[in-house]
Amino acid sequence: MNQNIESHLIENRVFKPAKSFAKRARISSPAEYEELYKASIRNPEKFWAGEAKELLWHKRWKTVLDWKPPFAKWFVGGTLNASENCLDRHLDSPRKNKAAIIWEGEPGDQRVLTYHQLHREVCRFSNVLKRNGLKKGDRVIVYMPLIPEAVIAMLACARIGAVHSVVFGGFSAEAIRDRVNDCGATMIITADGGYRRGAIIPLKQNVDHALQGGNAKSVGRVIVFRRAHNEIHIEEGRDVWWHREMEYVDANCPPEEFDSEHPLFILYTSGSTGKPKGILHTTGGYLTGVSATSKYIFDLRDDDIYWCTADVGWITGHSYLVYGPLANGATTVMYEGAPNWPEPDRFWKIIAQFGVTILYTAPTAIRAFIKWGNEYPARHDLSTLRLLGTVGEPINPEAWMWYHKVIGGGRCPIVDTWWQTETGAIMISPLPGATPCKPGTATRPFFGIDAVVVDEAGHECDVDEGGKLVIRKPWPSMLRTIYGDKERFKKQYWSDFKSQGWYTTGDGARRDKDGNFWIVGRIDDVLNVAGHRLGTSEIESALVSHEAVAEAAVVGRPDEIKGQAVVAFVTLKEGQEGSPTLRKALCSQISHAIGPIARPEEKDIRFAEALPKTRSGKIMRRLLKEIASGTEVRGDTTTLEDFSILTRLRHMDE
Ligand code: WTA
């Protein structure tokens, strides 16, 4: 299992929420949590229905849950509109003129959109979408920098019932093409470019490449927002400018009502096999999940300035930058660029400038901040912060303590939130006013979430015994299927404990004597590099598509900052030689096929004469992982086809 994070510090202290925080919090003691949690597990439908009632429905549902494992329908018969819930609902209150989005671009440009303004822009853009032929149920790729228009595009799709599929700007043209073809998108919404460390990411150019040569044929329209003013090609009859289109429309676009189970979005994520899977989320259940968790876990208040540093290309951006905070009428901060541009104090500067009160970021970022040094946060006044959060990977106690002391000034609770693209919303996390925290554990399940750690046979593990993390009961924001592939959906998530109808997370975990969950990491062939999910099989298929490569096996090795790093063992075809040039070429190949985020360091391309395999021909990944990690090879290796390979692998420097 994943021992990838070196912890130099074992921290056993327990951090209780400050009295002042607890007093104001929605849930303010462990006893209150226990009581509510027990009740919510006895009757989850009652708990979730109570939360769903806080949303604006056109028609109230008839049945809370229709559960035919593994297929769930939540709030059956109910109708609503997600964009109306995030926008219109706040217009009849003083929230109308409060900031919905405070945005900062990497070059330093800033914009604030009030709820009134955001609503207006979303309505106008919804009309642009309609004008361009988009209809309910159509799929749209959103490939944008982290600018307000990304949110406007998402909410406009939701408003007219189109299904958005956001593709992170760090993904390649090939990745866009695969996604277009998988979901049959008819439109792409993009920008000329976006900023990253002073450079311009050529988003539109990537889209052009994706659509080149009649590929991704379903796309008939590309809407381009002008962000970077770089030179781009406009394909007559296919491409239109966002700002031009906006001139033709008015701001009147009443929200249509959609079935609770109407698809809201598809988000692609890596799995242990094959290409990325299109995780499908639907309207009523998803919104209930993200709205309730935002309220309880981030303790959102009307005077908060809340900042989730994720990009909208990831589920964290969907749930906790867009839908969760906006459904709660919160002010959400967006920053387009890199944390160390132009200097490593950029985050702290933003916090001081806008008076950020809640910060939600990733352990990998925290570890980078530690490395850059305390002088950067020390330059700025961080006293407005009252709550901190992390997501994406286990946080090592050392990083937790630094975050607590240096950023939180010792006064802010930290919510270490465990969840997945598939779960839609946070599943395991402290409640900031109630849960005593121990650095390194995501602590306890959220209300209505029946999480347990079990062995292969499905028996609950003993205290501190490692096992599989599973969820035994359905929850509203759960994925409904893998787009277009029901069978894969069943196999991937529901086949381990089929007769019980339990969801397998793919993560390993253990519970301590206080019932806290310690997430150990993925137990399948998925890597977590800097909080980003990467499938080893995707990287392998990128490698073998290079003409010099015969076989490839990709594993993770521990990395101090990124948590894990990609290591590729590669065997070459007859007559091919491993060389620094080939190493570089293979790295570029990965970047090209998936995106720069998957690119390994050149030293992590390791040429081998052969790969170690079992007698049945399976690559022995555990062994490769140990070699990549530089740890000694342990355990039973007698199934190796060729023992000499092992020795060669271990001595195959350069
Ligand atoms: C990992 C991100 C430990 C886990 C929201 C999970 C975590 C995968 C935590 C999902 C956490 C996420 N502690 N591990 N607090 N949060 N993970 O789909 O392995 O990008 O399965 O969703 O990230 O990654 P995904």
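What to note about this one:
- Dipole magnitude for segment 446-555: about 600 debye, using +1 per Lys or Arg Cβ and -1 per Asp or Glu Cβ, origin at the Cα centre.
- DSSP finds beta bridges in the chain, and of those with both partners inside it, around 60 percent are antiparallel.
- On full extension, the segment bounded by LYS584 and TRP241 gains 119.8 nm, given 0.36 nm per residue less the C-alpha separation.
- Taking all protein chains together and rolling a 1.4 Å probe, SER499 ends up with roughly 110 Å² accessible.
- The residues packed around ASP303, meaning those with a beta-carbon under 11 Å from its beta-carbon, carry a net charge of +1 if Lys and Arg are +1 and Asp and Glu are -1.
- For the chain, the share of accessible area belonging to carbon and sulfur comes to 49 percent (1.4 Å probe, ligands and nucleic acids excluded).
- Of the whole protein surface, VAL207 contributes about 0 Å² of accessible area at a 1.4 Å probe radius.
- Solvent exposure of the chain, expressed per residue, is 39 Å² of accessible area, with all protein chains present and a 1.4 angstrom probe.
- Loop-resident sites, segment 383-431, for chymotrypsin sites (Phe, Trp or Tyr not before Pro), counting at most 11 other Cβ within 10 Å (DSSP): none
- Given charges at Cβ of Lys, Arg, Asp, Glu: the chain dipole, positive-most of SER260, PRO474, PHE168: SER260
- FRET efficiency, GLU231 to LEU56 (Cβ-Cβ, R0 41 Å, nearest 0.05): 0.40
- Check: segment 1-142 dipole with +1 on Lys, Arg Cβ and -1 on Asp, Glu Cβ, in debye: 700 debye
- Scoring 376-389, 458-471 by mean Cβ neighbours within 10 Å over their residues and listing the highest first yields 376-389, 458-471.
- Sequence-separation-based contact order of segment 208-291, relative, with Cα cut under 8 Å and 6+ spacing, percent: 19 percent
- Residues SER20, SER165, SER218, sorted by accessible area with the largest first, give SER20, SER218, SER165 [1.4 Å probe; ligands and nucleic acids excluded].
- Theoretical FRET efficiency, 1/(1+(r/R0)^6), r = Cβ-Cβ of ARG131 and GLU375, R0 60 Å, to 0.05: 0.70
- Spacing of the two label points (7 Å from each Cα toward its C-beta) at ARG301 and GLU574, in nm: 7.4 nm
- Listed pairs LYS277/LYS562; LYS584/LYS625; LYS46/LYS136; LYS136/LYS275; LYS46/LYS438 exceeding 25 Å between Cα atoms: LYS46/LYS136; LYS136/LYS275; LYS46/LYS438
- Computed about its Cα centre, the charge dipole of segment 185-312 is approximately 700 debye, with only Lys, Arg, Asp and Glu carrying charge at their Cβ.
- Per-residue ellipticity at 222 nm from helix content only, as computed over the chain with -39500 (n - 2.57) for each DSSP H run of at least four residues, stands at -8000 deg cm²/dmol.
- Qualifying trypsin sites (Lys or Arg not before Pro) in segment 501-567, DSSP loop, other Cβ atoms within 10 Å at most 15: LYS513
- Within segment 72-166, trypsin sites (Lys or Arg not before Pro) in DSSP loop having at most 15 other beta-carbon neighbours inside 10 Å: LYS135, LYS136
- Built amide H within the under 5 Å cut-off of ILE101, gap 5+: LEU113, THR332
- By the Cβ rule of 4.7 Å, the chain holds the following cysteines without a possible disulfide partner: CYS86, CYS157, CYS183, CYS308, CYS412, CYS437, CYS461, CYS587.
- Long-range HN-HN contacts of ARG606 with modeled amide H, under 5 Å: ALA568, PHE569, VAL570
The values are calculated or read from the model by the stated rules, or taken from the named source; none is laboratory data. Here the structure is a predicted model, which means the values were calculated and not measured. Here the Cβ is made from the backbone with ideal geometry for all residues, glycine too, and neighbour counts use every protein chain on show. Please note that ligands, DNA and RNA were not included when accessible areas were found on the heavy atoms of the full protein model with its side chains. Shrake-Rupley method; radii C 1.70, N 1.55, O 1.52, S 1.80 Å.
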